[in-house]
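The values are calculated or read from the model by the stated rules, or taken from the named source; none is laboratory data. No experiment lies behind these values; they were computed from the predicted model shown. Don't worry about glycine lacking a Cβ; one is built from the backbone with ideal geometry, like all the others, and counts go over all protein chains shown.
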Amino acid sequence: MHPAFSVIFFTVASGAGFGLFSLLFIADVFKLGGGFSREQLIIGGLMAMGLVVFGLLSSTFHLANPKNAWRAFTRFRTSWLSREGVFAMVFMPLALIYLASIWFDAPLWLRETFGFLTAVLAWITVFSTGMIYACLKTIRQWNTPLVPANYLALGYASGSLLLLLGAVVAELDTTPYIAMSALIISIAAVLKAIYYFWIRSPGLTPTINTATGLTRAKVKLLDTGHTHGTFLTQEFGFQVARQRASLLKIVVFVLGFALPGVMMVWVFDQQGQQMAAIVAVMAGLAGAAVERWLFFAEARHVVNLYHGAQRC
Amino acid sequence: MRLGLVIDLDVCVGCHACAIACKEWNASGTIGPLSDYQPYGAEPSGVWFNRIRHYEMDEYPNNKTVNFPMSCMHCEDADCVTVCPTGASYKRPEDGIVLIDQDKCMGCNYCSWACPYGARELDRSSGTMKKCTLCVDRIYDQDLPVEERQPSCVLTCPAHARMFGDFDDPDSAVSRTVRERSGFGLMPELNYNPTNRYLPPRSKPVIPVEPKSKGGLKESIKQFANKLVRR
Ligand code: SF4
Ligand code: SF4
Ligand code: SF4
């Protein structure tokens, strides 16, 4: 699949935003490391919402006809893309109510109820983002429950790093934040490793034989019938060399998981805490972006069978 | 009704006439134009509803060329419709034709990802998704003579490799042909239940080739002379 940069930015930024908001709620409930102040919670919450809005806006850049984008909320009952949009829209007012109840010192039950609802909605929205890809039967590398799991784990991992940076800036006790982040990042790394392992073996997939129905003998492409590329070759023809992909997988693990881990040790050791936390966030987000690029680049759509691939 | 096409892979000569006729009719049809990019340039490309690819089956000396036209299969379980977030893609309950409402489409490409058969193509100039309409603006046109109320590609095909009809009617020509010739749908394992059917290439009787006889003295002199004479 052709990796569209607007979609990569969108999924990384909104994933981090939703992750940050839900973890902020947890930090608020349990007053982790002494607890953020009122202003700090509001700033953190607004920043998370900013990331979400930025992501949603960037996703409209890949639309060829954005003036109809508002219609995307209408097929909630069947389309995961529509669901994602609707959930993100429901998330916004709930998040605002939660932040307002912090600001105006609303009763605790109100504040926590809305915080909880917002966190659940954030979870559902990121899950829907993953399901947009996972529900496609046409792409073997996507049609697995590991995809929404990866989207959630990486979104929360990025969010937890942002939250750790917040805790460092706010001069809280960083230990609980480091513990949370380390746990989530480990889970994300393990899930990603399983995913990479899983998509390596083709399993039961369509072949050029079932695609053409000529199952009694070998089939090979003689001619695609078009002179230059078509929409199909531009959108689905993209292929990443195996070696390059392996290299990028190492980059994902080093940048996305290992480096933030090392930086967390530095934060824990109280060495240049702020710098270390900033590097952790940057590395985590960069790792997630590479991971997302690879997620698209490695996906092989079955239409490639008609263009000569023996299997996808 | 369940309208669709039957394509005879045994007969198709791969002339691309159906693709041209499709483009001609639909460029000015309900969801036209079908934009071309650099039609006379170095990298000609554009929107087509019907594409013909060419394959080789088996290996020499048992190989056979199979020409393979593909357009929308008007699937029974069309994921392209369910994934569409705007409701632009829809399947008509009355005849099973899958269409795209050009006024609603936002050009997100999602439906093209969901289509296994490469039937959907984005028109970069209108920013909307387009695909085969089964010539919905021909087949019901009361102004056309009855025999012309068929898709453009079907009418054009010089080899009569294409048929159009109702698959819900077990006695229709398409249903009968599919039954008799063991017509099949493509990639059944994905469960889209495509309506269009393909008829497999026939196994032809092998024509025996007799080894050339040696011939007598006369024959060898003739061959020798033939070699000498420059033609
Ligand atoms: S062939 Fe593709 S576009 Fe046509 S109905 Fe089936 S899935 Fe949809
Ligand atoms: S490109 Fe248009 S028809 Fe296809 S899913 Fe998006 S809005 Fe629907
Ligand atoms: S039925 Fe009409 S739109 Fe579809 S391929 Fe044939 S000519 Fe084109």
Say whether the condition of being farther than 30 Å from A:Leu204 by Cβ, touching an Asp or Glu at 6+ places or on another chain (Cβ under 7 Å), within 15 Å of ligand 1 (Cβ to nearest atom) and touching a residue at least 12 places away in the same chain (Cβ under 8 Å) is met by at least one residue in region B:130-139.
-> yes
Just one of B:Leu122, B:Leu99 is more than 24 Å from B:Phe184 (Cβ to Cβ), more than 9 Å from every other protein chain (Cβ to nearest Cβ) and not in a loop (DSSP other than H, G, I, E, B); which is it?
-> B:Leu99
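Could you check region B:52-93 and list, in sequence order, the residues that are among the basic types (Lys, Arg) and either within 16 Å of ligand 3 (Cβ to nearest atom) or not in a strand (DSSP E or B) (or both)? Break it down stepwise before answering.
First, pick out the residues of region B:52-93 that are among the basic types (Lys, Arg): B:53, B:64, B:91-92.
Correct list: B:Arg53, B:Lys91, B:Arg92.
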Taking region B:38-49, which residues are in a loop (DSSP other than H, G, I, E, B), within 10 Å of chain A (Cβ to nearest Cβ) and within 16 Å of ligand 3 (Cβ to nearest atom)?
-> B:Val47, B:Trp48
Does B:Arg124 satisfy the condition of being within 16 Å of ligand 3 (Cβ to nearest atom), basic (Lys, Arg) and in contact (Cβ under 8 Å) with a residue 40 or more places away in the chain?
-> no
In this structure, does B:Ile100 turn out to be in contact (Cβ under 8 Å) with a residue 12 or more places away in the chain, of a type in the set (Val, Ile, Thr), touching a Lys or Arg at 6+ places or on another chain (Cβ under 7 Å) and more than 30 Å from A:Ser6 (Cα to Cα)?
-> no
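Name every residue in region A:169-184 that is touching a helix residue (DSSP H, G or I) at 6+ places or on another chain (Cβ under 8 Å) and either over 12 Å from A:Val281 (Cα atoms) or surrounded by fewer than 20 Cβ atoms within 10 Å (Cβ to Cβ) (or both), in order of residue number.
First, pick out the residues of region A:169-184 that are touching a helix residue (DSSP H, G or I) at 6+ places or on another chain (Cβ under 8 Å): A:169-170, A:172-178, A:180-182, A:184.
Correct list: A:Val169, A:Ala170, A:Leu172, A:Asp173, A:Thr174, A:Thr175, A:Pro176, A:Tyr177, A:Ile178, A:Met180, A:Ala182, A:Ile184.
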For region B:99-121, which residues satisfy the criterion of being away from ligand 3 (no atom under 13 Å from the Cβ) and farther than 20 Å from A:Thr233 by Cβ?
-> B:Asp101, B:Gln102, B:Asp103, B:Lys104, B:Cys105, B:Met106
Failed condition for A:Arg244, given (1) touching a Leu at 6+ places or on another chain (Cβ under 8 Å); (2) away from chain B (no Cβ under 14 Å), with all others met?
-> (1)
Confirm whether A:Thr113 is modelled with pLDDT of 95 or more and within 14 Å of another protein chain (Cβ to nearest Cβ).
-> no
Is there a residue in region A:140-153 that is within 16 Å of ligand 1 (Cβ to nearest atom), surrounded by fewer than 19 Cβ atoms within 10 Å (Cβ to Cβ) and at pLDDT 95 or above?
-> yes
Among the residues of region A:60-87, write down those that are under 16 Å from the mean Cα position of the chain (by Cα) and more than 9 Å from chain B (Cβ to nearest Cβ).
-> A:Phe87
Of the conditions (1) out of contact with any strand residue (DSSP E or B) (no Cβ under 7 Å at 6 or more places or on another chain); (2) near ligand 3 (Cβ under 10 Å from one of its atoms); (3) within 12 Å of chain A (Cβ to nearest Cβ), the single one that B:Cys22 does not satisfy is (3)
Could you look through region B:50-88, keep only residues that are in contact with an Asp or Glu (Cβ under 8 Å, 6 or more places away or on another chain) and more than 8 Å from chain A (Cβ to nearest Cβ), and pick out the one that is farthest from ligand 1 (Cβ to nearest atom)?
-> B:Asn63
B:Glu189 passes all but one of the listed conditions (1) within 14 Å of chain A (Cβ to nearest Cβ); (2) away from ligand 2 (no atom under 16 Å from the Cβ); (3) under 20 Å from the mean Cα position of the chain (by Cα); the exception is number (3)
Residue pairs qualifying under the 7 Å Cβ cut-off, at least six apart or on distinct chains, with the first in region A:204-225 being more than 7 Å from chain B (Cβ to nearest Cβ) and in contact (Cβ under 8 Å) with a residue 60 or more places away in the chain and the second being surrounded by 21 or more Cβ atoms within 10 Å (Cβ to Cβ) and of a type in the set (Val, Ile, Thr), are A:Ile208/A:Val219
